[in-house]
Structures are given as structure tokens and as C-alpha cells.
There are 2 protein chains.
Amino acid sequence: MIATGVARFEILTPPADAASRARLGRLHLPSGVVETPQFMPVGTNATVRSLDPDDLREVGASIVLANTYHLYLRPGHERIARLGGLHRFMGWERPILTDSGGFQVVSLADRRVVDDDGVTFRSHLDGSVHRFDPEHAIRVQEALGADVAVAFDQPVPPRSSGRAVVAQATERTHRWAERSLAAHRRPDQALFGIVQGGLEPDLRAASTRLIAGLPFDGIAIGGLAGDETPEQRAAALDVAVPLLDGDPRVRYLMGLGSPLDILDAVDRGVDLFDSVLPTRVARNGQLWIPGGRLNIRNARFADDPEPVQVDCPCRLCRTFSRAYLAHLFRAQELLAYRLATCHNLTFSLDFMARIRMALRAGTFPADRPGLRARAGGGALGLDAGDPA
Amino acid sequence: MIATGVARFEILTPPADAASRARLGRLHLPSGVVETPQFMPVGTNATVRSLDPDDLREVGASIVLANTYHLYLRPGHERIARLGGLHRFMGWERPILTDSGGFQVVSLADRRVVDDDGVTFRSHLDGSVHRFDPEHAIRVQEALGADVAVAFDQPVPPRSSGRAVVAQATERTHRWAERSLAAHRRPDQALFGIVQGGLEPDLRAASTRLIAGLPFDGIAIGGLAGDETPEQRAAALDVAVPLLDGDPRVRYLMGLGSPLDILDAVDRGVDLFDSVLPTRVARNGQLWIPGGRLNIRNARFADDPEPVQVDCPCRLCRTFSRAYLAHLFRAQELLAYRLATCHNLTFSLDFMARIRMALRAGTFPADRPGLRARAGGGALGLDAGDPA
């Protein structure tokens with residue numbers, strides 16, 4: 001059933017019971033092992049913004065995501081291939097996943113036209129015209145050479161899209177999934193398929209069955225982490241995940257980043273996550289701490305000698321005061337963005353480690369209230385006023 | 001003769017001979033030892049832009065300079081004092097020197113009015129009105145608590161200032177030097193005096209004699225590294241330094257940063273330097289290498305798999321290619337600025353170490369051609385087109 005065997009997934013906890021579908025796992029990839037549930041920091045341009053690989057190791061990252069669309073446009077996938085591939089290019093020897101490019105083509109590119117065969121779009125950088133289809137998206141990802149490639153899909157906003165739009169995009173995603181599989185050649189690279197179906201239970205179920213029936217190495221759950229409510233997302237997961245019962249493959253929900261949202265999705269059986277949220281809000285001065293967050297630009301921190309989080313081992317908290325970080329943000333000093341990013345990723349990845357610890361100890365359902373309290377009760381998302 | 005004894009300076013090489021006034025030394029400060037000749041990276045806002053203290057240690061910095069004017073305005077010297085002083089605030093336990101504020105008051109502040117008693121100016125940040133006089137400049141620096149404070153002075157552009165302007169500024173600097181000494185109280189902080197005198201040999205000589213006659217802990221040579229030619233600077237040094245023959249104190253030329261300029265000033269008997277040059281040009285993509293420099297934004301580096309400098313141990317060169325750095329600069333990724341800054345400071349501080357090695361080995365005059373070649377023959381300054 002598995003296409004290449006390069007993404008072997010071990011499930012280390014007993015099968016789901018009534019209390020939770022959460023599971024502890026271990027994903028074996030060519031460049032290393034990823035303990036799950038796990039969060040992937042996003043390195044859009046082959047760098048997790050403001051961090052270097054030593055920083056990434058220090059915050060505990062075991063896998064990062066890089067954006068196919070961005071790297072295709074700049075510096076170019078063929079250039080990265082000539083330079084020895086993405087791992088060597090960015091100095092990161094641990095696992096990397098490249099996304100399909102579908103989301104960025106739809107959300108960032110200008111004047112895109114989607115047809116049944118692919119997407120024609122203009123670069124957001126220079127207006128030049130490009131075309132992505134399943135074969136090209138795979139070719140680009142094979143050139144980049146990440147551990148995991150993802151089949152080209154057509155995501156649509158789940159809540160604001162009508163049923164006909166969702167149905168058409170889901171249908172295309174299915175055809176493109178088969179073309180992506182047929183095009184994929186690299187034996188040292190895993191390929192994940194993407195389930196679509198929006199918030200329509202029958203479409204979501206049909207998409208899950210179809211994608212799960214193809215020989216992908218992992219199942220990505222797409223078309224969520226968009227404009228849906230947490231309840232709508234939970235309902236969609238509760239349609240899709242039970243249909244994957246007994247499926248040996250890892251499950252990846254694309255685009256989810258707030259600890260509370262992740263906790264809920266883990267509970268519903270998801271293993272892998274990525275989002276720009278912790279790093280993006282860090283650069284806006286939003287620091288995640290147990291039970292909530294600090295907006296370091298708030299005047300009350302200007303004289304605060306305490307670390308951002310007393311027991312945090314990160315580069316920011318082990319040396320500097322809130323007052324110093326507040327000063328760096330006010331002075332727009334570059335160090336501010338790095339220190340805040342180190343902190344939020346340390347918090348996020350530590351949160352995942354706490355989830356895994358509870359699963360390993362067999363106390364996950366019992367520990368959910370404590371994890372929920374640490375996650376800040378949903379307070380860790382973007383403020384309405386934060387720039388996207 | 002020494003005011004506080006907190007800046008004991010050991011001269012480790014024999015007295016100057018006809019071949020060179022260069023000397024090897026060791027400056028003992030409250031927070032540590034500084035081997036001289038030495039270069040001080042500039043941390044304007046209590047951070048060397050884009051670096052953290054671990055980076056500073058890694059590039060080999062033994063002392064950094066912080067700007068009194070900037071820290072007075074933001075976050076405020078009293079706030080830094082309440083937070084335990086500048087060392088604790090910025091997480092840097094090694095020596096720090098704060099400048100007098102005189103240069104920034106004159107060059108950055110708006111609508112400044114200099115009178116015989118001090119300078120009234122508007123903040124470049126918010127237009128608020130402030131006044132610096134010698135007593136206040138010392139008070140601010142005592143609150144910051146660096147290892148070394150510097151007496152308040154009035155610098156003027158050496159080449160474009162008429163003799164009368166230079167004479168008046170030098171005269172004021174002398175009176176302010178005495179007032180700075182009288183105001184200085186901290187027994188754990190050294191105080192350096194500043195020689196002025198522009199390019200006028202008699203004024204430069206008189207200023208050197210007067211400042212050297214006061215009980216400062218070190219002698220700063222001011223009013224240079226401005227709009228003068230290298231020959232004019234050499235002539236001014238050749239007036240001042242011989243008058244300090246037999247003086248036991250460290251000599252510091254403010255504002256000089258290009259390796260070739262530094263080499264020449266070392267040769268003429270200067271021990272200590274500071275400049276924003278290596279860090280500022282790094283953030284513009286100018287990388288210093290033996291014999292010259294790379295402008296990493298040049299198209300020819302986009303595919304270059306080599307490190308910026310093959311034998312360089314810095315964070316940039318030991319992991320990444322020129323192509324990767326070129327990509328980071330094009331994508332305006334924050335990591336670009338940190339990696340380039342680490343490299344240029346590693347180059348600068350390694351260059352100082354090579355000068356010290358030649359002095360220690362007794363081969364300095366013989367090694368000058370090799371050092372000059374490594375310094376790039378004057379090619380390491382700002383390009384005419386570089387932003388200031």
C-alpha cells in the first residue's frame with residue numbers, strides 16, 4: 001500500500017478508544033526520526049525567519065517545512081538542486097517537508113487561473129507568468145529534495161466556499177493526486193496525498209476514502225485551518241479520521257499553529273502540524289507563556305526585570321529581561337525578532353513534548369485540562385489587530 | 001597620574017623605534033582584559049546589531065562600545081541603572097566602553113546649539129529638547145556603568161572646519177575635560193579624556209599636552225576618522241603620539257574601522273579602535289575577505305557553492321555557500337544580516353589578532369606588507385554608492 005517505504009510510521013500507543021484518538025508515533029524519514037505528535041516550524045525561504053540551524057536545533061525542531069512556491073520563484077528549484085539540494089543549501093541536515101505549492105499559488109500569486117489541468121499565475125515578486133500542474137509541482141519538489149513532498153492540490157477557504165466550489169476543487173485534487181503519484185520518481189523521498197472536501201461531510205468522507213486508497217506515504221488533511229470555526233474543524237476531523245482507522249500512515253493537518261487548536265486536533269487523531277503562527281506573532285512582539293501571552297510592546301514591560309517566562313530554557317529567557325526585549329522591539333533592533341522567535345518555538349515544541357509525554361505515560365485524557373490551561377485557553381492566536 | 005587605577009595598561013613590547021610606534025599591550029578593566037591593538041564592535045542600542053552575546057564571543061570580541069546618546073534617549077540611563085546596569089541589561093559580562101555622547105549630539109540630534117557650557121539639542125527620535133554638559137554626560141555614563149566612560153567633548157569635522165572653529169571646539173573640550181574629571185565619582189569605572197585640535201599641528205599638539213596632563217585613565221584621540229585624508233590623519237597622529245612617548249596610558253582613536261586605516265594607525269602608536277564600518281557594510285551585503293571584498297548582491301554569486309572565505313571559522317563560512325547568503329539578501333531574510341555581520345567582525349578581529357601576533361613575534365615592521373595586502377589595499381571602506 002505504501003509507495004516508497006521511505007516514511008515508515010510506528011504507532012507506539014494502543015489503538016484509539018472512546019476517550020481520545022490521540023496517538024504517540026515515530027516517523028522514520030531519510031534524514032532522521034520525527035517523534036509525533038509534532039509541530040514543524042515554517043522556513044518559507046529556506047530559513048525559519050531570523051533563525052539559523054543551531055537556533056533550530058536549540059529550540060528542539062526535528063523537522064521543518066519549506067515552501068515550494070517561494071523556492072521555485074526564488075532562488076529557483078534548479079539552482080538549489082545544482083547546489084546539492086535543500087538540506088545542504090540551508091545547512092539543515094534533519095528532515096524537511098516541502099508543501100505542494102497549492103496554497104501559495106492560490107493565496108499569494110496574482111491573477112491566478114485554475115483549470116482542470118493546473119494553475120496559471122503571476123509571481124507576486126515580479127509579475128512573471130508561471131504554471132503549476134501536478135507533474136511540475138512534483139518536479140520542483142524532487143529538485144528541492146526534501147524528505148517529504150506533497151501532492152499538488154487545490155485548497156479553497158472551507159467556510160466561505162459554496163458546495164459547488166468545494167466539490168470541483170476536491171474532484172480536481174483527486175485527479176491531481178493520481179497524477180502526482182504517477183509523476184513522482186525519487187526513491188529517497190516520501191510523497192503525501194492531501195484530503196480535501198471542505199466542511200461538507202459527504203465530500204470530506206469521499207475524499208478521505210479516495211486519497212487513503214492511493215499509495216501515498218502519509219495523509220495530509222487539507223482545506224482546514226482556514227476560515228472555519230474550531231467546531232467546524234472538529235466536525236470535519238471527526239468525519240475524516242475515523243475513516244483512517246487501521247491505516248498505518250501518519251496524518252498531517254496543514255496550517256494549524258495555536259497550541260489549543262493543535263491539542264484538539266491531536267485529540268482527534270492528527271500527528272503532524274505546521275504553521276507560521278508562533279514565528280509570525282513573535283516578530284510582532286507576542287510572546288507565548290503558560291496560560292496566555294505577553295505583548296512585549298505593552299508599556300508595563302519597559303521596567304520589568306523578570307524573564308519572559310521564568311522556567312524557560314530558551315535563548316531569550318535564560319539571559320535577558322522583559323525590559324531588554326521591550327527595548328529591542330522599540331528600537332527595532334534585529335535581535336528582537338530572533339529572541340522572540342526562539343522563545344515561541346521553544347514554547348510550541350515543548351508543548352508538543354508535553355503532549356507526547358502524557359501519551360507515553362498513558363495519562364493523555366487525564367492531562368488534557370492541564371495542557372489546555374497551559375495552551376492559554378485559545379488566547380494564543382492572532383489578535384484582530386495583528387498584521388497577517 | 002592615573003585617576004582611578006581601574007584601567008591599568010601593560011605595554012608588552014619594547015619602546016618605539018624608528019621603524020614603527022606600534023606596540024602590544026594589555027588593558028586591565030573591571031570586567032576583563034583587553035589585548036591591544038584591539039577593535040571594539042559598536043553596540044549602539046545595547047546590542048551589536050543582529051548579534052547576541054554568544055555571537056559576540058564567537059567572533060572574538062573582548063570589548064564593545066555602546067552609545068551614551070542613544071541609550072540616554074532610549075531606554076534611558078536611569079532605567080538601565082534600575083535594571084542593574086548596562087552589562088546585565090545587554091547580557092554582556094566582558095568590558096564595555098561608553099562614548100561621550102558628543103559625536104552623536106553633534107551629528108544626529110536636530111537643531112543643536114553649542115555654547116561654552118554644553119549642548120542643547122532635540123532628540124532625533126521625538127523632537128524633545130535635551131541638554132548635555134560635561135557633568136550630565138558623566139552622570140549618564142555612571143548610570144550606564146560601563147568599564148570605561150569618556151569625557152564630554154565637542155568634535156568638529158577636521159578637514160572642513162576652519163581654524164577658528166577648531167580652536168574654539170578644542171578650547172571647550174579642554175574645559176569640559178576638567179569638568180568631566182571633577183564630576184566623575186565611580187571608583188569602578190575608568191575615565192578617558194579626548195584630545196582634539198583638528199588638523200592644525202599647533203592646536204593638536206597643545207591639546208595633546210593638555211589632556212595628557214590631566215589624570216585620565218586613557219587618552220582618546222578625537223576629531224579624526226572624519227572627512228580628512230589618510231595623509232592628514234597620519235600627520236595629526238604623528239604630531240600627537242610622539243608627545244605621549246613614555247605616557248603609560250592606552251591610546252584610543254575613535255571611529256576608525258577599515259583594516260588598512262587601523263593598520264596605519266597602529267603603526268603610528270594607537271592601541272584601541274571602534275567603528276560601525278564592518279557591521280554596517282555587512283548589512284549592505286559587503287563581505288570582507290583577505291585582499292578585498294565581495295558584494296554578495298552581485299549576480300555572479302547566485303550560483304556560487306563556495307563559502308565567502310574558505311579558511312574562515314565564522315558562523316557563515318563554516319556552514320553556508322555564497323549562493324545561500326546571496327539568496328538570503330535577495331529575499332531580505334533577517335538571517336542574512338546576522339551571518340554577514342558575524343563574518344565581517346570575525347575578519348576584523350582576526351586582523352587585529354594577526355597584528356598582535358606580529359608584534360609578539362617581533363616581526364611587525366617586516367609583516368606590514370602582508371598585513372596591508374590582507375587588508376585589501378584600502379578597498380574595504382564604504383563604496384561611494386553605499387548608504388551611510
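The values are calculated or read from the model by the stated rules, or taken from the named source; none is laboratory data. All of these numbers come straight from a predicted model, not from anything done at the bench. FYI the Cβ positions are ideal-geometry reconstructions off the backbone, even for glycines, and counts take in every protein chain you see. In case anyone asks, the SASA skips ligands and DNA or RNA and just uses the protein heavy atoms, side chains included. Shrake-Rupley method; radii C 1.70, N 1.55, O 1.52, S 1.80 Å.
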Please find, within the stretch A:322-338, the residue that is farthest from the other protein chains (Cβ to nearest Cβ) out of those that are touching a residue at least 60 places away in the same chain (Cβ under 8 Å) and of a type outside the set (D, E, K, R).
-> A:Tyr337
Please enumerate the residues belonging to the stretch B:168-179 that are buried (at least 17 other Cβ atoms within 10 Å of the Cβ) and either under 18 Å from B:Arg209 (Cβ atoms) or β-branched (Val, Ile, Thr) (or both).
-> B:Ala169, B:Thr170, B:Glu171, B:Arg172, B:Thr173, B:His174, B:Trp176, B:Ala177
Could you list, in sequence order, the residues of the stretch B:56-82 that are farther than 23 Å from B:Asp126 by Cβ and either facing chain A (nearest Cβ under 9 Å) or hydroxyl-bearing (Ser, Thr, Tyr) (or both)?
-> B:Ser62
When (1) in contact with a Leu (Cβ under 8 Å, 6 or more places away or on another chain); (2) at pLDDT below 95 are applied to B:Ala384, the one that fails is (1)
Total residues in the stretch A:122-177, condition part of a loop (DSSP other than H, G, I, E, B) and among the acidic types (Asp, Glu) | 4
Here are B:Pro155, B:Pro134: which of them is crowded, with 24+ Cβ neighbours inside 10 Å and more than 19 Å from the chain's Cα centre (by Cα)?
-> B:Pro134
How many residues of the stretch B:294-316 are within 13 Å of chain A (Cβ to nearest Cβ), open to solvent by 20 Å² or more (accessible area, probe 1.4 Å) and within 25 Å of the chain's Cα centre (by Cα)? The answer is 1
Among the numbered conditions (1) farther than 22 Å from A:Leu328 by Cβ; (2) surrounded by fewer than 17 Cβ atoms within 10 Å (Cβ to Cβ); (3) of a type in the set (Ser, Thr, Tyr), tell me where B:Ser128 comes up short.
-> (1)
When B:Asp274 is run through (1) under 30 Å from A:Leu83 (Cβ atoms); (2) of a type in the set (Asp, Glu); (3) part of a strand (DSSP E or B), the failure sits at (1)
Could you tell me which of the residues A:Gly91, A:Gly85 is modelled with pLDDT of 95 or more, within 14 Å of another protein chain (Cβ to nearest Cβ) and touching a Gly at 6+ places or on another chain (Cβ under 8 Å)?
-> A:Gly85
Run A:Gly198 past the list (1) open to solvent by 10 Å² or more (accessible area, probe 1.4 Å); (2) over 29 Å from A:Val48 (Cβ atoms) and report the number of the one that doesn't hold.
-> (1)
Candidate set: the stretch B:43-52, residues that are open to solvent by less than 10 Å² (accessible area, probe 1.4 Å) and touching a residue at least 40 places away in the same chain (Cβ under 8 Å); chosen: the one nearest to the chain's Cα centre (by Cα) = B:Gly43
Identity of the residue in the stretch A:100-125, under 19 Å from B:Ala331 (Cα atoms) and buried (at least 17 other Cβ atoms within 10 Å of the Cβ), that ends up farthest from the chain's Cα centre (by Cα) | A:Ala109
Complete set of residues in the stretch B:280-293 that are open to solvent by less than 10 Å² (accessible area, probe 1.4 Å) and of a type in the set (A, V, I, L, M) = B:Val281, B:Ala282, B:Leu287
Matching entry among B:Thr229, B:Thr319, B:Thr341 (being β-branched (Val, Ile, Thr), within 14 Å of chain A (Cβ to nearest Cβ) and either open to solvent by 10 Å² or more (accessible area, probe 1.4 Å) or more than 21 Å from B:Ser62 (Cα to Cα) (or both)) = B:Thr319
Residue list for the stretch B:307-363, filter: among the small types (Gly, Ala, Ser), assigned to a helix (DSSP H, G or I) and touching a helix residue (DSSP H, G or I) at 6+ places or on another chain (Cβ under 9 Å) | B:Ala323, B:Ala326, B:Ala336, B:Ala340, B:Ser348, B:Ala358, B:Ala361
State all residues of the stretch B:243-260 that are touching a residue at least 60 places away in the same chain (Cβ under 8 Å), open to solvent by 10 Å² or more (accessible area, probe 1.4 Å) and among the charged types (D, E, K, R); if no residue qualifies, say none.
-> B:Asp245
Conditions (1) open to solvent by 10 Å² or more (accessible area, probe 1.4 Å); (2) in contact with an Asp or Glu (Cβ under 9 Å, 6 or more places away or on another chain); (3) without any contact (Cβ under 8 Å) to a residue 60 or more places away in the chain; (4) not hydroxyl-bearing (Ser, Thr, Tyr): number failed by B:Ala205 = (2)
